[in-house]
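This report concerns only the one structure given below.
The values are calculated or read from the model by the stated rules, or taken from the named source; none is laboratory data. Just so we're clear, the structure is a prediction, and the values are computed from it rather than from any experiment. Here Cβ is always computed from backbone atoms with ideal geometry, including for glycine, and neighbour counts include all displayed protein chains. All accessible areas refer to the heavy atoms of the entire protein, side chains included, with ligands and DNA or RNA removed. Shrake-Rupley method; radii C 1.70, N 1.55, O 1.52, S 1.80 Å.
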Amino acid sequence: MSSFSVRFFAPQQPLLPSTASSFKPKTWVMAAPTTAPATSVDVDGGRLEPRVEEREGYFVLKEKFRDGINPQEKIKIEKDPLKLFMEAGIDELAKMSFEDLDKAKATKDDIDVRLKWLGLFHRRKHQYGRFMMRLKLPNGVTTSAQTRYLASVIRKYGKEGCADVTTRQNWQIRGVVLPDVPEILKGLDEVGLTSLQSGMDNVRNPVGNPLAGIDPEEIVDTRPYTNLLSQFITANSRGNPAFANLPRKWNVCVVGSHDLYEHPHINDLAYMPATKNGRFGFNLLVGGFFSAKRCDEAIPLDAWVSADDVIPLCKAVLEAYRDLGYRGNRQKTRMMWLIDELGIEVFRSEVAKRMPQKELERASDEDLVQKQWERRDYLGVHPQKQEGFSYIGIHIPVGRVQADDMDELARLADTYGSGEFRLTVEQNIIIPNVENSKLEALLNEPLLKDRFSPQPSILMKGLVACTGNQFCGQAIIETKARALKVTEEVERLVSVSRPVRMHWTGCPNTCGQVQVADIGFMGCMARDENGKPCEGADIFLGGRIGSDSHLGELYKKGVPCKNLVPVVADILVEHFGAVPRQREEGED
C-alpha cells in the first residue's frame, strides 16, 4: 500500500502578539477546562491489542474479534467499500439496472451501505433508485464554478433535484441516479470537489471558522488546517483505506475565533488554539457526539500539539479509535464509548504512542479563546480585516436551495465578490471580499430582497432543520417546511427582542442538533386529543453554544405537531422574554 504523508506549515500570521515576551496569558481564559476529569480504569493488556490488520492495502477486522459484531461490520468484511472507488467498482454498478442490483445481496449491500463511502446515500424509502450525494467542503469554502457545476447536476433531475447546506458546513445534492455517478465524480474532480469518504464509518467534513482569513478578530486562519485534514483523510481525493474502516463516523473541527462558530464541544476531535512557551498550537478536546441513545460534550485530552503536529495528532487519534474501538452494538461504537472504557489517561497514552515522537505534551494554560466573549452575528454586512472590503452573511431558509438559486448565488459572488462562498454550520452562506463601493448594489439584488435576506427576522435567523421525511427514510416527521411554517405563525403571536436558536430534527439521530439549540424539536409519534397517533415532537430547552456550551434537556414529550405553535409561543414568553403581540399592540 502506498504511503501518504504531508508536511504542515503553520500560518505565517497567526494574529498573536509579535514577541513571546509581550504575551500576557492572564488576559485570556479557557473556553474549556485544560485538565481532563480524573479517571481510574483498570484495562487488561489484551484489550489494547489492535483489532484490525492491513491486508492487500485495506484494513480488515481480525478473525479473533469478529464475534458479536454488527451487520455493518460484516458488510465491510465481505468487501471493503472503498474498493468501489479505488478499484472502479462504481463503473460496473452504474451499468446494471436497479432491479438487478436489488436481486443479489452483494449488490444490494453496495447500493444501500457501501456507496456511502463514496458519499452516496440511497433514498430507498422515499426516492427509490435515487441518491443524496454529500460533498467534502473543508472549512465550508466553495467557489462559484463549483456551485454552478452542482446546480447543473441537480437541474437535470427536475423536481427530484435540490441541494442543502448542512450542519457540517458543506453541500448535499439530491436526486442523483446511479448511471450518472461515474460522470458526476469526474465532474467533481474537474472543479476541485470530492464526495469521497463523506459518509458511514469515515471522517466527516472538517469544520472551521466561516470567517477564516477575513475576520478582524480571528485568532488563526483555519483554512490551511482544515484543507490539510481533508487531504490527509482522503489521500488527496484518491481514497485512504487507512481511515475508511472506523467503528463509526468521526467529526473534527479547528477553532479559529472566539465565537466558537465551529461548535467544538460536539466534535470527536476539536483543536483549540493555544500557545505554549512562545509556540503556537492547539489544546485538544475529544469525544463529543450525538446519537439516538446518548449525547455527550467533548472533554479535554490534557494535551497540546504544535501547528506542525496537527496532522500527526489526527492520525494518532484515528488510529487509536480504529484499532481499539468497539464494533458491536452500533449505539455504543462512537469514540466517547472507547474513552469511557479505557479512561482518559489510557486513551491518551494510546494516542501518544502513535505519535511520531511517541509522546504528547500536556495541555497549555495559555488558551487563546476568550471566555467572556459575546458571540457575533455574521448575517448582514460586516467589515473585513482587508481595508475597503466587507463580507455579507445571507440567510438560507433551513438550508434548502434549487438549481436556479445556486446559479444566481454564483453570479452574485462573481459580480460583487471574488467568486467565493463560505457555508456555515447554521445552514447559511457568506459572500466574502465585497468591495464597499458595491455593497448597495448587492443588497438591492432581487435574490437578497426576495429569498435570501441578509436581515431575516430574529427567529428565522436562528432556524436550523434536518432533511426530514421528505427524503430521509429514518425521519419520523417532515421538518423543513414545518419549521418555517411554525416559526412564521409564532412570529405572528409574539414579539422576540433577542436571538433564539430553534433546531428541528426528524428523528432521535438528531442530525438537526437539537441539543445545542435554545429550543429543539425532535420528531416522534404522538397522540392527538382523541388518542390517535399523529406526528409530534419532543421539545428540548437550554442548549448553549460558545464558551459556556452545554447540551439542552428534554422539556416536554410528544407534543402533536399541530399544537406546537401555541406551545412555542408560551415557551418564548416564559423563558426568553417574548411579549404577546396583542399586549404589545395594546400598550402602543
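Here are a few things to note about the model shown:
- About its Cα centre, the dipole of the stretch 461-580 is roughly 180 debye, where the only charges are +1 on Lys and Arg Cβ and -1 on Asp and Glu Cβ.
- Database note for the chain: Cys without another Cys beta carbon under 4.7 angstrom, C162, C253, C295, C314, C472, C507, C524, C534, C561.
- FRET efficiency, 1/(1 + (r/R0)^6) with R0 30 Å, evaluated for K125 and E99 via beta carbons: 0.95
- Protection proxy ranking, peptides 279-290, 366-377, average beta carbon neighbours within 10 Å, highest first: 279-290, 366-377
- For the chain, the relative contact order comes to 14 percent (Cα pairs under 8 Å, sequence separation of at least 6).
- Cα gyration tensor shape for the stretch 461-580, rounded if a/c is under 1.5, else prolate or oblate: oblate
- In the stretch 47-353, Cα pairs under 8 Å separated by at least six residues give a relative contact order of 15 percent.
- Take every pair of alpha-carbon atoms less than 8 Å apart whose residues are at least six positions apart; their mean separation over the length of the stretch 120-226 yields a relative contact order of 32 percent.
- Near T143, the amide H atoms lying under 5 Å from its own belong to F421; only residues 5 or more places off or on other chains count, and H is placed 1.01 Å from N.
- Distance in nm between pseudo-label sites at D404 and E160 (7 Å out along the Cβ direction from Cα): 2.1 nm
- Average accessible surface area per residue within the stretch 99-186, 1.4 Å rolling probe, Å²: 34 Å²
- Integer Hz, Karplus 6.51/-1.76/1.60 couplings in order for the stretch 240-249, x for Gly and Pro: 10, x, 4, 10, 9, 10, 7, x, 6, 5
- Potential extension, K353-E78 segment - 0.36 nm per residue separation minus Cα distance: 95.9 nm
- Selection from G468, P383, M502, by position along the positive dipole direction of the chain (Cβ): G468
- The modelled label-to-label distance between M525 and N236, using points 7 Å beyond Cα along the C-beta direction, is 5.2 nm.
- Overall form of the stretch 47-353 per C-alpha gyration tensor (a/c, 1.5; a/b vs b/c): oblate
- Whether the chain is rounded, prolate or oblate, judged on the alpha carbon gyration tensor where a/c under 1.5 counts as rounded: rounded
- Only one residue of P138, A320, L448 has its Cα farthest out toward the positive end of the dipole of the chain, where Lys and Arg carry +1 and Asp and Glu -1 on Cβ, and that residue is A320.
- Cross-link partners of K480 among lysines (Cα-Cα below 19 Å; sequence separation of 8 or more within a chain): K125, K159, K461, K562
- Both radii are taken from the alpha-carbon atoms of the stretch 166-289; with Rh as the Kirkwood radius, Rg/Rh is 1.01.
- At R0 = 56 Å, FRET efficiency that the Cβ-Cβ distance of V43 and K385 yields, to 0.05: 0.70
- The length gained on full extension between K62 and N436, counted as 0.36 nm times the residue separation minus their Cα-Cα distance, comes to 128.6 nm.
- Computed over the chain, the per-residue total of -39500 (n - 2.57) for DSSP H runs of n ≥ 4 gives a 222 nm mean residue ellipticity of -7500 deg cm²/dmol, rounded to 500.
- Net charge dipole, the chain: roughly 1220 debye, given to the nearest 20, about the Cα centre with Cβ charges of +1 for Lys and Arg and -1 for Asp and Glu.
- DSSP beta bridge pairing in the chain, given as percent antiparallel to the nearest 5: 85 percent
- Given R0 = 25 Å, the distance between the Cβ atoms of R55 and E92 translates into a calculated FRET efficiency of 0.65.
- Unit charges on C-beta of K, R, D, E only; dipole of the stretch 330-465, Debye: 500 debye
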